[in-house]
Amino acid sequence: MLSSLNPEQLQAATAPFGHTLVIASAGTGKTSTIVARIFHLLERGVEPQEILLLTFTNKAAQEMVQRIQSRFGSVAKKIEAGTFHAVSYRWLKAIDPKLVLKQPKELKLLFKSIYERRDLSHFETKAFAASTLFDLYSLYQNSQMEQSFAEWMRGKYPEHEELVAIYEDIALEFEELKNEYGFLSFNDLLLKAIEYKDRLPRFVEVLVDEYQDTNNLQGRFLEALRYKSLFCVGDYDQSIYAFNGANIDIIASFRHRYPDAKIYNLSKNYRSTRYILDLANRVIANNERIYPKKLEVMNQKEAVPPKLLEFLDLYEQYEQIARRIKLSLTPKEEIAVIFRNNASADGIEAALRQQGLSCKRKGSQSLFDMKEIKALFDLLSLLLNPKDLLSFIHIFEYAKGIGANSAKELYEALVRCGEGDLVKGLQEPKDLKNPFAKKERSYQLALFEDSMQPGSKSRFSHLDIDERIKAHPLLTYPRMSEEAVLFLDSLLELQRKFHRIKRPKQAVEILRDSFILNYIKKVLAKNRAKRKDGSIDEEQYRQGIERIERRFALMGHLAGNYEDIYRFYNAMVLGSSEMSQGEGVNLLTVHASKGLEFKEVYVVDLMEGRFPNLKLVSKGGSIEEERRLFYVAVTRAKELLYLSYAKYDRVKKQEFLPSRFLEEAGLLS
DNA sequence: ATTAATCCAGTTTTT
DNA sequence: CTGGATTAAT
C-alpha cells in the first residue's frame, strides 16, 4: 500500500502525530494518501475505533473505508467515518436515542409561520422574506461563533438596523418552538455535539477530507473533539461552499493556528492529461493566488485537446451531446455530464432518454420528495415523536374539510384532552366540555359566533370506529369532518400497534396498511390521474395507485436494513439526498461531482449568467467562487473534456453570450 | 375565517 | 412541477 505512493504522498501519509495539513490539488492522489495514512496508523498499532475520518459526503467515507477494508480486513469497519453530521448524529444517538431530525424545508415552514405573525410592512427598509431570513439565520449559525444573530445581521446589513431586533426575536422564538416540538436541524446536530463535548469519544487521530470547505461551525466542532493528532487534506482552488459558510481562512490560517503544523504539498497530477490541466490552470490563474501552484503532469497518455462545442439552441445542445455520448466508445458509467444548476439536468436526461441511454442522477427530485413518501415519514415521525405538530398538520390536511388551521386546532385540543400528552389525549381523553381555545376575536359579529357552535358527537355515530373515538370530546369541533374522525381512529389504532413495534420494517408495513395512508394514497393517485376537464382517467388512477404501493414497498425494503426505528427514520432524513438512482451516464451538478473522476466529461450550459451564475454573484456570491466551480468541473476529466454552450433558448426566448471562462480558457478566438 | 380551486411565476449550490 | 396569490364556496 505505502509502496505505491510517490515520495510526496509517502511523506504526508507517514507524517508524525501533531497537526498536519496536506495541500492536494485536483487529481494528485488525495484519496490514496488518506487511505495510506489510515493504513499507516493501523500498522503502527492505533485501534480502528480511535481513528475518526470526516468527509463531505457519506459516499466518500464509505469508499475510503472500503479501500482500507480490501487490504486490512473487516477491522476497517470499526473506523469512525462519515460526514460531520452523520458522525455527530451517531454520537448523539448514544446519549439520547429519541432525537428527531427535521428536513430544512420543514423547519423553514415553521420559521415562516413565526415570521408571519409579525408585521414587518411599516418600515422604511423592506424586510427580508421569511425564506431569505431563514437562510441567513442558517448561514449565521454556520459562520459565527461569537456574535449574536442581531450583531451579525447589523454588521452585514446596516440598512436593516430598524428590523434587526425583530429578526432576532423571530430566531429566538424559532429556537423555542424547535425545542418544544422536539426538532433538530442539521446545524443543531453539530451544535448539540459541541454542547456535549465531554461525553464524546476520544481519538488518536482525526482526519478531515475537503478541509477547504469547512465552515466555522464545523471548525468549532473539530475544536471540541479530543484527539492527539489532526490530519487535514484540502485544496484552496476547490473551495465551493462559501454559500454554506465555508471559510477559506480556516485552511489558510492553519499554520498560524497550530505553530507546530507540518504542511505537505502534493503536486503530481495523475488524473488528467496535460491539455486538461493546462486549461484548468489557465482559468484558475485569474483568481488571486494564496499559494503558488505548479502541477506536474504524470499522465503521459496520448492526449486529445479539450473541445469546445457551440450550438445555436439550448435543446439542440442537449440533443447533440446525447448523440455524441451514444457514439462514444467510453463505457457509459465513465462519462459524466456536469452542470452549474440543477435546472440543466431535466433537459439532458430527456435528450439521453431519446437516444435510449439511461443515466444516474443524484438525489434532487428523488423519492423522498414524493408526497406519499413524505406522508409516510410524517406519520412515522408523529408516532415516534407525538410532540411533532408539523407532521400532525401535514397528515390531517389530507382529510377533507380540514386545512392547516383546523389541523392545528385539533392538535392543540387533543393535547389539552391529554393534559399535555397527545397519546393520552387520544387514548384516555379527559372529557372536557370545550377543548377548543376561546378566540380573542369574539368581539366580532354574532354571526361568526353562531358558526362556532359546537357540533354534536352523534353526527358520526354511523361510522365504524373505536368507542373511545365515538365519545371523544374532539367530535364537537364545528368543522370536524368524517374523514378527520376516521383519521383520528386510525391514529389511535396505530398508536396501540406501535407500542409493540421494534423493527422498522414491521413499522412501515403497519403504516402502509393504515387507513390514513391508504386514504392519502387514493387522494394522491386521484390528483395525478386528473385530466384538464376534471375527470379521472381510470387507467392512470390504477397505475398511480400501483406506483405509490411500489414506493411504499421500497421503503419497507429499505427499512429492512435497520434494526432500530429511530435510526431508520433519522438515516432517511440525513441521507435521503445522497442516494442516487439508476445507472449509466452520470448527471451531476458541479458540487455533487466533487471528489469524483470520469474518463469523459461534458461541462454544459457554459453561458454568461448561468455558469458563472451571475444572479448568485450579485446576491453575495463571488466570481472567484464561480471560477473555482469551473476548475472543479473540468478537473473531473481524465482524458476527454468537452465544454459546451448554446447561444439561444428557444423556449424562454433568451439570448446567451458564452461564459467568460471559455474566453479565459483560450477557447474563443 | 377557512378551505378548495384556479391561475401565474419562476427555478442555487448541500449536510 | 411547485409555491404564491387570488377568488369562490362552505
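No value in this document is a laboratory result; all are computed from the given coordinates. Keep in mind that what you see is a predicted model, and the values were worked out from it rather than measured. Don't worry about glycine lacking a Cβ; one is built from the backbone with ideal geometry, like all the others, and counts go over all protein chains shown.
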Task: Positive-pole candidate from A:Ser253, A:Leu389, A:Leu488, dipole of chain A, charges at beta carbon - done: A:Leu488
Task: Alpha-carbon radius of gyration plus Dmax, which is the widest Cα pair, for region A:121-181 in Å - done: 11.6, 35
Open item on the list: Let me check against my output: what whole-number percent is the relative contact order of chain A, with C-alpha pairs under 8 Å and at least 6 apart?
Closed with: 18
Task: Whole-number Å³ per residue for the convex hull built on Cα positions in region A:258-397 - done: 264
Task: Percent of alpha-carbon pairs separated by more than 22 Å within region A:213-299 - done: 38
Open item on the list: Using the alpha carbons of chain A, what is the convex hull volume per residue in cubic angstrom, as a whole number?
Closed with: 197
- [ ] Could you let me know the centre-to-centre spacing of region A:118-181 and region A:596-638, using Cα atoms, in angstrom?
- [x] 31
Task: Given A:Lys332/A:Lys505; A:Lys307/A:Lys360; A:Lys400/A:Lys505; A:Lys30/A:Lys105; A:Lys77/A:Lys521; A:Lys93/A:Lys228, the pairs whose alpha carbons are separated by over 28 Å - done: A:Lys332/A:Lys505; A:Lys400/A:Lys505; A:Lys30/A:Lys105; A:Lys77/A:Lys521
TODO: Could you give the size of the charge dipole of chain A about its Cα centre, using +1 on the Cβ of each K and R and -1 on the Cβ of each D and E, expressed in debye and rounded to the nearest 20?
DONE: 1460
TODO: Mind pulling the per residue volume of the convex hull built on the Cα atoms of region A:313-366? Å³ is fine.
DONE: 81
TODO: Before anything else, pin down the relative contact order of region A:59-156: Cα pairs under 8 Å, at least 6 apart, normalised by residue count, whole percent.
DONE: 14
Open item on the list: Sort A:Met480, A:Met370 by Cβ crowding within 10 Å, fewest neighbours at the top.
Closed with: A:Met370, A:Met480
Open item on the list: Could you work out the pair-distance distribution P(r) of region A:180-245 from its alpha-carbon pairs, with 10 angstrom bin width and percents rounded to whole numbers?
Closed with: 19, 44, 30, 7, 0
Task: Inverse mean reciprocal Cα-Cα distance (Kirkwood Rh) of region A:1-70, Å - done: 12.7
TODO: Pull up the DSSP beta bridges for chain A and report the antiparallel fraction as a percent, rounded to 5.
DONE: 15
TODO: May I ask for log10 I(q)/I(0) of region A:139-234 at q = 0.16, 0.17, 0.22 Å⁻¹, from a Debye sum over the Cα atoms as equal point scatterers with solvent left out?
DONE: -0.82, -0.89, -1.16
TODO: Neighbouring Cβ atoms within 10 Å as the yardstick, rank A:Lys59, A:Lys653 fewest first.
DONE: A:Lys653, A:Lys59
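Semi-axes of the equivalent ellipsoid of region A:8-147: what are they in whole Å, largest first, if each equals the square root of 5 times a C-alpha gyration tensor eigenvalue?
42, 19, 13
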TODO: Report relative contact order for region A:306-357 in percent, whole number only (criteria: Cα-Cα under 8 Å, sequence separation at least 6).
DONE: 47
Task: Backbone HN-Hα couplings from phi across region A:45-55 [Karplus 6.51/-1.76/1.60, Hz, Gly and Pro as x] - done: x, 6, 6, x, 6, 9, 10, 10, 10, 9, 10
Task: Charge-dipole axis of chain A as Lys and Arg at +1 and Asp and Glu at -1 on Cβ define it, positive-most pick from A:Ala61, A:Leu524, A:Leu101 - done: A:Ala61
Task: Likely footprinting exposure, A:Thr476, A:Thr14, A:Thr83, fewest C-beta neighbours within 10 Å first - done: A:Thr14, A:Thr476, A:Thr83
Task: Rg [Å, one decimal], Dmax [Å, integer] - region A:461-519, C-alpha atoms - done: 12.8, 39
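Can you say what percent of the DSSP beta bridges in region A:543-669, counting only those with both residues inside, are antiparallel? Round to 5.
Working: 4 of 10 bridges.
About 40 percent, rounded to the nearest 5.
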Task: region A:367-407 - Rg (one decimal) and Dmax (whole number), Cα, Å - done: 10.1, 29
- [ ] Find the percent of Cα-Cα distances in region A:494-619 that exceed 18 Å, and round it to a whole number.
- [x] 71
